[in-house]
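Structure first, then comments.
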Amino acid sequence: MKILIIEDDEILSKVIAEELKDANFEVVQAFDGQSGLDMARSIKPDLVLLDIMMPKMNGFEVLEEIKNDIGIRSIPIIMLTVLGSDDDIKKGLQLGAKDYIVKSQHAVAEIIDKIKQFLENKQ
């Protein structure tokens, strides 16, 4: 299974990518919203982990673009962000995200476990 991480924090992205690779997932990374959207369109991953606050295009914009693109709208997206307000969570889920993880509320190991559980349930 291929996972696309769209996250501008390169250290966090690398840590999550390494953990997912150790769990035998194929991982591709993008560090801004526009390149992440372009990658989603070209590689059609099985899952997208999407940050919100990023350069070029924020995560909500990327999410909307993916959900409006008939070729990739079925790709599940998990928001992975520091924005934890009820309004942000509601917006992410209303736009089509399958889950919303607030980074500061979960250790990396917990985040990886949530992703694994999601993918196991998807199969």
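A few points about this structure:
- Of all residues in segment 26-77, those satisfying the criterion of being within 25 Å of ASN121 (Cβ to Cβ) and in contact with a Pro (Cβ under 7 Å, 6 or more places away or on another chain) are VAL28, LEU47, ILE75.
- Residues of segment 60-83 include at least one that is among the aromatic types (Phe, Trp, Tyr), assigned to a helix (DSSP H, G or I) and touching an Asp or Glu at 6+ places or on another chain (Cβ under 9 Å).
- Taken as a whole, the structure places ASP8 among residues that are more than 16 Å from ILE115 (Cα to Cα), outside any helix (DSSP H, G or I) and within 13 Å of the chain's Cα centre (by Cα).
- Residue ID - surrounded by the most Cβ atoms within 10 Å (Cβ to Cβ), chosen from residues in segment 87-109 that are assigned to a helix (DSSP H, G or I) and modelled with pLDDT of 90 or more: GLY92
- Close pairs (8 angstrom Cβ cut-off, 6 or more residues apart or separate chains): over 18 Å from LYS91 (Cα atoms) in segment 53-75, of a type in the set (S, T, N, Q) and part of a helix (DSSP H, G or I) anywhere: LYS56/GLN34; LYS56/SER35
The values are calculated or read from the model by the stated rules, or taken from the named source; none is laboratory data. Note that this is a predicted model, so its numbers are computed, not measured. Methodologically, a virtual Cβ is constructed for each residue, glycine included, from the backbone with ideal geometry; neighbour enumeration extends over all protein chains shown.
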